[in-house]
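The values are calculated or read from the model by the stated rules, or taken from the named source; none is laboratory data. What you are looking at is a predicted structure, and each value in this text was computed from that prediction instead of being measured. All Cβ positions, even for glycine, are placed from backbone atoms using ideal geometry, and neighbour counts span all protein chains on display.
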Amino acid sequence: MTKIFIDGKEGTTGLKIFERLEKRPDLEIIPIPDELRKDPSARAERINSSDVTILCLPDAAAVEAVALANGSVRILDASTAHRTSPSWAYGFPELSDAHRKAIVTGSRIAVPGCHASGFLSIVYPLREAGILPADYPLVCHSLTGFSGGGKKMIASYETDSFPAPRQYALGQTHKHLKEMTYVAKLDHPPVFNPIVSDYFCGMEVTVPLYTRLLKGGKKDIYEVLKSKYEKSPLIDVVYAEDVYPDGFCPADGMKDSDRMKILVGGNEERVNLVSLFDNLGKGASGAAVQCLNIMLGIDETYGLI
């Protein structure tokens with residue numbers, strides 16, 4: 001039986017991961033009393049008695065936790081701290097065989113950010129295929145439910161009234177920009193517009209493209225994305241008009257799911273690509289569980305919905 005320690009189980013992502021893992025017969029969850037969860041020695045003891053430790057912590061605390069671990073413990077980190085570190089595997093197995101192999105063999109795996117997952121699911125395959133140049137002036141809009149902001153934001157939406165969507169990170173300094181640029185091998189960061197709205201969960205990440213600046217049109221883009229994910233059990237690629245013929249695409253269209261749907265829309269001059277998923281599913285805890293399954297050599301969809 002594999003021993004798992006979740007460091008930071010009290011946060012939104014940690015709770016969701018715990019809920020998915022606590023009843024699995026193949027896993028033993030190592031507990032920690034509330035009064036000891038910030039005690040470095042107590043954490044170190046549990047980290048080093050585990051086979052896999054899952055970090056659901058702020059960046060600084062995640063770095064501290066890694067320093068507490070000995071060499072035999074495998075670590076799955078859901079924070080931002082290690083996503084662009086060359087010595088860490090990037091936990092998006094569908095991006096390439098190399099990404100998947102690094103998760104299988106690695107001892108340090110970084111779970112992708114939610115906004116970054118939507119962006120990279122679209123951009124990485126197009127960069128890989130040569131359709132999208134490294135210097136393309138990318139723009140990304142990402143609409144998310146408020147659960148993606150963690151306990152503080154959830155509490156604010158549950159107690160205050162925010163009837164209109166709110167764009168944030170207006171200074172183009174969002175913490176996911178670095179991994180979006182690094183993993184997609186872009187010359188420049190995209191213009192990134194994250195927007196939080198008054199619904200609990202679900203993400204709609206949109207990347208608009210001008211085909212005159214690409215090496216291919218709408219059909220080429222569809223075929224590249226379709227081919228990339230045709231063997232994936234969790235990602236589907238469809239034409240937007242086939243799924244939403246009325247032209248309306250709800251941002252919570254994949255809520256309560258660990259799957260992702262990529263929509264190819266627009267026309268021959270201006271293509272609109274949309275990645276739909278749950279920010280708590282494929283955007284966080286679902287992605288972590290998928291990576292854990294791959295690390296353990298079992299069906300990657302085990303325990304997912």
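Got a sec? Which of 36, 27, 21 is over 24 Å from the mean Cα position of the chain (by Cα), more than 25 Å from residue 85 (Cα to Cα) and hydrophobic (A, V, I, L, M, F, W, C)?
It is 36.
In the stretch 198-215, which residues are over 13 Å from residue 149 (Cα atoms) and in a strand (DSSP E or B)?
204, 205, 206, 207, 208, 209, 210, listed by residue number.
Which residue out of 122, 195 is more than 30 Å from residue 50 (Cα to Cα), part of a strand (DSSP E or B) and among the aliphatic types (A, V, I, L, M)?
Being more than 30 Å from residue 50 (Cα to Cα), part of a strand (DSSP E or B) and among the aliphatic types (A, V, I, L, M) holds for just one of 122, 195, which is 195.
Could you check the stretch 231-267 and list, in sequence order, the residues that are without any contact (Cβ under 8 Å) to a residue 60 or more places away in the chain, small (Gly, Ala, Ser) and assigned to a loop (DSSP other than H, G, I, E, B)?
247, 253, 257
When only residues in the stretch 136-187 that are among the acidic types (Asp, Glu) and loosely packed, with under 13 Cβ neighbours inside 10 Å count, which is modelled with the lowest pLDDT?
Taking the candidates together, the pick is 160.
From the list 225, 304, 214, exactly one residue is closer than 21 Å to residue 92 by Cβ and in the same structural domain as residue 175 (by TED's automatic domain parsing). Which is it?
Of 225, 304, 214, the one residue that is closer than 21 Å to residue 92 by Cβ and in the same structural domain as residue 175 (by TED's automatic domain parsing) is 225.
Give the residue, chosen from 100, 46, 24, 20, that is among the basic types (Lys, Arg) and in a loop (DSSP other than H, G, I, E, B).
24
For the subset of the stretch 197-249 comprising residues that are of a type in the set (A, V, I, L, M, F, W, C) and modelled with pLDDT under 95, which member is surrounded by the fewest Cβ atoms within 10 Å (Cβ to Cβ)?
200
Only residues that are under 16 Å from the mean Cα position of the chain (by Cα) and either farther than 20 Å from residue 125 by Cβ or without any contact (Cβ under 8 Å) to a residue 24 or more places away in the chain (or both): list them for the stretch 268-278, please.
Matches in the stretch 268-278: 278 only.
Looking at 248, 192, can you tell me which residue is over 20 Å from residue 91 (Cβ atoms) and within 19 Å of the chain's Cα centre (by Cα)?
Within the list 248, 192, the selection yields 192.
If you check residue 186 against the conditions, is it without any contact (Cβ under 8 Å) to a residue 40 or more places away in the chain and either out of contact with any Asp or Glu (no Cβ under 9 Å at 6 or more places or on another chain) or in a loop (DSSP other than H, G, I, E, B) (or both)?
no
Listed here are the residues, each with its yes/no results for (1) within 28 Å of residue 278 (Cα to Cα); (2) part of a loop (DSSP other than H, G, I, E, B).
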position: 10; (1), (2): yes, yes
position: 42; (1), (2): no, no
position: 50; (1), (2): no, yes
position: 76; (1), (2): yes, no
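The conditions are (1) touching a helix residue (DSSP H, G or I) at 6+ places or on another chain (Cβ under 9 Å); (2) at pLDDT below 95, and residue 132 fails exactly one of them. Which is it?
Condition (2) is where residue 132 drops out.
Suppose we filter the stretch 101-135 for residues that are within 28 Å of residue 65 (Cα to Cα), surrounded by fewer than 24 Cβ atoms within 10 Å (Cβ to Cβ) and touching a Phe, Trp or Tyr at 6+ places or on another chain (Cβ under 9 Å); how many remain?
Result for the stretch 101-135: 4.
Going by what's in this entry, would residue 95 be described as modelled with pLDDT of 95 or more, closer than 26 Å to residue 227 by Cα and assigned by TED's automatic domain parsing to the domain that holds residue 195?
No: the conditions fail for residue 95.
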